Amino acid sequence: MFRLRLVMSDLSKNAQCVLKILGSNESLTTKEILEIASTDEYASLCTDCAGGDAFVAAANQLVENGLITKKFGKGGYRWQLVKG
């Protein structure tokens with residue numbers, strides 16, 4: 001069995017947005033990511049992250065593909081890029 005390598009174009013715009021935001025930060029809570037996603041800088045990429053449900057779907061896609069991790073703690077989930 002082989003594993004296909006994902007490229008950015010394989011991901012939804014919201015997933016790309018989450019990766020871009022986390023690429024500039026060590027780790028962030030869901031609330032922090034949603035606040036950043038709603039800024040003008042990410043407006044064209046984060047099409048509907050501000051709603052929350054779209055963010056969760058995109059972030060879970062990234063977790064399933066091994067690109068980010070999520071840990072539950074104080075303040076809710078904390079998301080981080082997988083290094084390597």
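Quick note: the coordinates plus some simple rules give every number you see, no bench work behind them. The shown structure was predicted, so the numbers you read here are calculated from the model rather than taken from an experiment. Cβ placement follows ideal geometry from the backbone for every residue including glycine, while neighbour counts extend to all protein chains displayed.
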Take the chain, mark every one of the trypsin sites (Lys or Arg not before Pro) that falls in a DSSP loop and has at most 12 other Cβ within 10 Å, then report the longest stretch left between them, sites excluded. 6-73
Given the alpha-carbon gyration tensor of the range 43-84, what are the semi-axes of its equivalent ellipsoid in whole angstrom, ordered largest first, with each equal to the square root of 5 times an eigenvalue? 18, 14, 9
If the cut-off is 21 Å between C-alpha atoms, which lysines fall inside it for Lys83, apart from same-chain ones fewer than 8 positions away? Lys20, Lys70, Lys71
How large is the Rg to Rh ratio of the chain when both quantities use alpha carbon positions and Rh follows Kirkwood? 0.96
Length gain on complete extension for the stretch Lys70 to Thr29, per 0.36 nm per residue less the alpha carbon to alpha carbon distance? 13.8 nm
